[in-house]
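Bear in mind these aren't lab numbers, they're just calculated from the coordinates by the rules spelled out. Computed from a predicted structure; not experimentally measured. No Cβ is skipped: glycine too gets one built from the backbone with ideal geometry, and neighbour counts run over all protein chains shown.
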């Protein structure tokens with residue numbers, strides 16, 4: 001698909017020894033000298049569309065874009081379609097389509113339905129990214145289409161040098177991530193680690209200019225039970241290495257990423273709703289809830305970016 005190319009400017013505040021980023025520019029490279037070999041055509045693929053003018057965060061059923069997405073969801077090749085507005089970017093709405101394989105998406109690109117999608121997007125301002133999940137099992141996003149989900153996703157875009165060698169890439173892909181010790185039915189209030197329901201990394205295709213260097217990006221999807229679950233997890237879960245004092249779990253998480261070569265990151269929070277073909281005719285998805293004052297205070301102490309695009 002032909003997507004609008006944009007250059008976001010992101011201003012950030014970082015703490016805990018993370019390198020400060022001020023007035024940086026991230027620009028996707030059209031010609032990628034560090035382009036990694038594309039995964040096999042049998043691997044899953046995420047198509048990540050950012051709408052920049054979606055009114056009030058709601059696409060009504062009468063909109064041709066919504067109707068087209070419902071038709072795409074009927075395809076066996078489509079695993080899911082999710083939509084959500086990042087809390088930190090009120091003017092942006094994300095549409096994420098997960099395909100069973102890149103081969104399936106390539107076949108879709110030659111279809112009449114793809115033409116309909118392009119026509120539905122033609123009058124909108126939008127951009128697009130492609131991402132490849134590292135793990136080829138499980139769903140990246142889970143969201144109830146009829147009852148707005150309370151699950152909160154924190155999506156980290158983590159920047160690494162573009163010229164990583166195979167050993168460096170392998171180390172990142174085997175990174176264990178955040179600790180998660182619990183059973184599905186455990187209460188996060190009693191077992192804080194139960195607040196995390198899933199975490200899934202995906203390489204974003206291509207490179208970009210970031211902090212005056214060429215970088216590759218890793219999207220890290222963290223699924224929390226809800227906003228309170230995120231707070232409980234980040235405040236109460238501790239990393240306890242043998243024979244050493246306990247560490248704050250998030251400090252340890254980012255320290256390990258720095259050891260793997262991370263040069264920066266950004267954070268977005270989204271509550272997704274799945275787009276499906278069997279919703280009632282009168283169904284209208286609810287707009288995203290505003291950020292609570294308590295959450296805003298936490299965001300003030302985390303990386304904050306002024307941006308007009310998704311990634």
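Here are a few things to note about the model shown:
- Summarising the label geometry, the points placed 7 Å from Cα in the beta-carbon direction at residue 77 and residue 173 lie 2.4 nm from one another.
- Taking each residue as 0.36 nm, the span from residue 186 to residue 109 lengthens on full extension beyond its C-alpha to C-alpha distance by 23.4 nm.
- Rg followed by Dmax, in Å, when the range 70-213 is reduced to its Cα trace: 17.9, 52
- Computed label-point distance, nm, for sites residue 91 and residue 212 using a 7 Å Cα→Cβ extension: 2.8
- Efficiency of FRET from Cβ geometry, residue 124 and residue 166, R₀ 30 Å, rounded to 0.05: 0.15
- Each of the peptides 114-126, 185-197, 82-94 was scored by the mean count of other Cβ atoms within 10 Å over its residues; in descending order, highest first, they stand as 82-94, 185-197, 114-126.
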